[in-house]
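Taking it in order: structure first as structure tokens, then the write-up.
The values are calculated or read from the model by the stated rules, or taken from the named source; none is laboratory data. This structure is a prediction, so every number in the text was calculated from the model and none was measured. FYI the Cβ positions are ideal-geometry reconstructions off the backbone, even for glycines, and counts take in every protein chain you see.
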Amino acid sequence: MCGIVGAVAQRDVSEILVEGLKRLEYRGYDSAGVAILDDEGNIGRARRVGKVQELDNALIEQPISGGTGIAHTRWATHGEPSERNAHPHLSCDEIAVVHNGIIENHVELRERLRGLGYVFASDTDTEVICHLVHHEMKSADSLLAAVQATVKQLHGAYGTVVMDKRQPQRLVVARSGSPLVIGYGVGEHFVASDQLALLPVTRRFAFLEEGDVAEVTRREVTIFDTDGNPVEREITESNVTHDAGDKGQYRHYMMKEIFEQPAALQRTLDGRLANGAVLPEAFGDNAAELLAQVKHVQIIACGTSYHAGMTARYWLEQHAGVSCNVEIASEFRYRRSHVFPNSLLVTISQSGETADTLAALRLAKEMGYMASLTICNVPGSSLVRESDMAYMMKAGAEIGVASTKAFTVQLAALAMLTGAIGAHNGMTAETQAALVQSLQMLPSKVEQALGLDDAIAALAEDFADKHHALFLGRGDQYPIAMEGALKLKEISYIHAEAYASGELKHGPLALIDADMPVIVVAPNNELLEKLKSNVEEVRARGGLMYVFADVDAKFESDDTMKVINVPHCDEFIAPIIYTLPLQLLSYYVALIKGTDVDQPRNLAKSVTVE
Ligand code: M6R
């Protein structure tokens with residue numbers, strides 16, 4: 001959730017730290033801070049509430065410089081967003097700490113440390129790490145040993161970086177449940193919670209494993225595993241091609257990412273379809289053999305990724321001849337469930353670091369699933385490293401907190417999974433070829449759908465004074481309605497709910513009046529007539545509808561209904577195409593409402609805490 005950057009160099013690191021924080025701001029943005037060790041051996045610290053820009057302004061007014069430093073952008077868990085709760089935290093002006101995650105036993109540790117004479121300056125759980133390291137330094141012979149002794153006492157999740165003014169030119173980092181990456185420069189080294197933060201200074205990275213503690217100096221990086229044994233972690237050259245720091249011509253990352261969808265989809269399809277079939281290798285080297293045995297699929301994900309999984313259930317059961325369950329990760333991980341024979345566990349995640357999804361994967365691995373597959377956008381992320389197979393989405397970095405291009409690329413990946421599994425479960429060569437043909441048309445169809453931009457911008461005006469909205473869909477469009485509702489509530493703060501439209505009469509119809517806009521997704525499919533009946537139920541009760549429909553569906557605008565014709569497309573890819581107008585609608589409504597589109601209140605891009 002929060003973002004961490006650290007650097008040990010011969011040059012001044014303050015700009016590197018602040019630039020890194022700006023690149024991580026999508027992870028959390030209620031406050032930010034830096035601590036830098038200067039040449040005289042003093043720790044200079046600046047912290048500000050609000051965006052990283054506030055911190056940047058403060059540092060322009062009162063610069064802090066030095067060759068070793070740590071920085072943090074925060075998404076509050078323990079303690080309100082305030083300067084005193086912002087990281088880095090200090091102990092006795094000697095130890096500085098930044099931390100992502102949650103220390104579950106912080107209350108008991110706080111009591112113990114108070115008993116030892118430590119005075120707490122914040123309400124955070126992080127501050128216990130700081131004082132604990134300081135305390136351990138009294139008996140340890142190095143900062144490394146003190147951090148190793150400290151982490152043994154922590155319960156919960158942490159990615160943490162520690163600096164000690166008495167041991168200059170070094171950082172000690174520890175990872176358990178919260179990702180950390182080491183960046184290798186020439187005569188300088190860096191750490192961060194996401195490689196994106198470090199792309200301006202290096203492209204060579206090693207990802208720490210669970211339980212690792214590392215000592216990072218200008219010349220050397222030494223990594224130890226949970227048992228304190230020295231270990232090597234592979235250094236890889238980053239192939240992240242997209243420079244996320246640039247919004248280009250767009251006002252917001254979200255809009256840029258919406259318009260990147262044709263290219264993102266093209267990238268994800270390239271080289272993965274051939275001769276009218278899906279190439280199983282798209283899912284990993286050993287996928288052909290494993291996918292051939294699948295008889296049941298269990299999908300686990302959160303938020304938007306969960307909606308992608310919900311859509312896939314319709315596809316897998318209808319076209320691939322296997323049964324499929326889909327569950328929210330935070331529910332799955334705390335209930336007893338049954339594993340069917342030949343079950344494939346599929347996690348879906350843009351970030352690959354979502355704490356609930358990762359915990360669910362770890363649990364599932366002990367439950368006897370045949371194999372695990374992750375559909376993920378971030379190479380080297382925890383889900384990718386811990387799954388048997390991985391489909392790399394190639395959507396490019398997604399910075400806007402509201403997920404857009406990741407969702408449509410996830411859907412394309414799941415459509416491919418449907419083909420790859422279906423090939424072994426009775427899907428005919430003709431159906432497979434038709435599926436592949438639909439997928440190949442995706443980038444151009446998406447481009448056409450984006451042409452609705454102006455029409456939707458005009459439509460958004462109607463929502464400016466609305467407080468609630470209802471989204472309706474049927475079949476594989478029901479999860480698309482759910483995704484539309486999530487987008488609207490997430491960035492415009494309008495309360496929005498989605499219903500499978502057949503459910504209307506079982507309750508939600510009571511909500512219908514002129515102040516409740518009803519958004520309907522209506523492709524021309526076998527459920528169209530049923531959907532039309534539901535539309536009439538709304539009309540009869542004075543509801544005002546916005547219908548995104550195929551031209552052949554023959555809806556006409558009138559006093560109670562505005563119809564927006566969506567480009568005609570194959571039924572299979574319709575969920576992807578109908579997502580686009582809903583993304584645009586939420587974007588324009590948020591613009592009109594003046595909310596922070598890319599960094600909506602209370603949210604963070606990557607949810608690495610439970
Ligand atoms: O990185 P993940 O795909 O695992 O993230 C899951 C959700 O947190 C995420 O999709 C969230 O719902 C988005 N902000 C929605 O736009």
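Quick notes on this one:
- Residue selected from the stretch 286-323 under the condition in a helix (DSSP H, G or I) and of a type in the set (D, E, K, R), by the criterion modelled with the lowest pLDDT: Glu289
- For Ala206, the stated conditions hold: it is under 21 Å from the mean Cα position of the chain (by Cα) and of a type outside the set (Phe, Trp, Tyr).
- Taking the criterion of being farther than 15 Å from Gly3 by Cα and surrounded by 21 or more Cβ atoms within 10 Å (Cβ to Cβ), the only residue of the stretch 189-200 that qualifies is His189.
- Residue in the stretch 44-60 that is among the polar types (S, T, N, Q), in contact with a strand residue (DSSP E or B) (Cβ under 9 Å, 6 or more places away or on another chain) and not in a helix (DSSP H, G or I) present: no
Listed here are the residues, each with its yes/no results for (1) buried (at least 23 other Cβ atoms within 10 Å of the Cβ); (2) modelled with pLDDT of 95 or more; (3) among the hydroxyl-bearing types (Ser, Thr, Tyr); (4) more than 22 Å from Glu260 (Cα to Cα).
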{"position": "Val446", "(1), (2), (3), (4)": "yes, yes, no, no"}
{"position": "Ala464", "(1), (2), (3), (4)": "no, no, no, yes"}
{"position": "Gln477", "(1), (2), (3), (4)": "yes, yes, no, yes"}
{"position": "Gly502", "(1), (2), (3), (4)": "no, no, no, yes"}
{"position": "Lys505", "(1), (2), (3), (4)": "no, no, no, yes"}
{"position": "Ile512", "(1), (2), (3), (4)": "no, no, no, yes"}
{"position": "Asp515", "(1), (2), (3), (4)": "no, no, no, yes"}
{"position": "Val520", "(1), (2), (3), (4)": "yes, yes, no, yes"}
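- Strands (runs of 3 or more DSSP E) enclosed by the stretch 86-189 - at least 1 residues per element that are among the polar types (S, T, N, Q): 89-91, 95-100, 158-164, 170-176
- Count of residues meeting criterion [assigned to a loop (DSSP other than H, G, I, E, B) and in contact (Cβ under 8 Å) with a residue 60 or more places away in the chain] in the stretch 21-43: 4
- Pairs are defined by a Cβ separation below 8 Å, a sequence spacing of at least 6 or placement on different chains, a first member in the stretch 352-375 that is under 28 Å from Ala397 (Cβ atoms) and small (Gly, Ala, Ser), and a second member that is within 9 Å of the ligand (Cβ to nearest atom) and part of a helix (DSSP H, G or I); the pairs so defined are Gly352/Leu383; Ala359/Ala329; Ala360/Ala329.
- With respect to the conditions (1) modelled with pLDDT under 95; (2) over 30 Å from the mean Cα position of the chain (by Cα), Arg112 lacks only one, and its number is (1).
- Selected residue (criterion: nearest to the ligand (Cβ to nearest atom)) from residues of the stretch 307-323 that are surrounded by fewer than 24 Cβ atoms within 10 Å (Cβ to Cβ) and not charged (D, E, K, R): Met310
- Tally, over the stretch 555-610, of residues that are within 16 Å of the ligand (Cβ to nearest atom) and among the hydroxyl-bearing types (Ser, Thr, Tyr): 6
- Residue pairs meeting the criteria (Cβ under 7 Å; at least 6 apart or on separate chains; first over 16 Å from Pro517 (Cβ atoms) and more than 16 Å from the ligand (Cβ to nearest atom), in the stretch 473-496; second hydroxyl-bearing (Ser, Thr, Tyr) and at pLDDT 95 or above): Gly475/Tyr314; Asp476/Thr311; Asp476/Tyr314; Gln477/Tyr578
- Scanning the stretch 341-367 for residues that are buried (at least 16 other Cβ atoms within 10 Å of the Cβ), hydrophobic (A, V, I, L, M, F, W, C) and in a loop (DSSP other than H, G, I, E, B) turns up nothing.
- For Gly79: the one exception among (1) surrounded by fewer than 20 Cβ atoms within 10 Å (Cβ to Cβ); (2) assigned to a loop (DSSP other than H, G, I, E, B); (3) at pLDDT 95 or above: (3)
- Residues within the stretch 324-340 that are within 12 Å of the ligand (Cβ to nearest atom) and assigned to a helix (DSSP H, G or I), tallied: 2
- Among the criteria (1) of a type in the set (Gly, Ala, Ser); (2) buried (at least 16 other Cβ atoms within 10 Å of the Cβ); (3) not in a helix (DSSP H, G or I), the one Ala590 does not fulfil is (3).
- Test result for Leu90, aliphatic (A, V, I, L, M), in contact with a strand residue (DSSP E or B) (Cβ under 7 Å, 6 or more places away or on another chain) and under 17 Å from Arg47 (Cα atoms): yes
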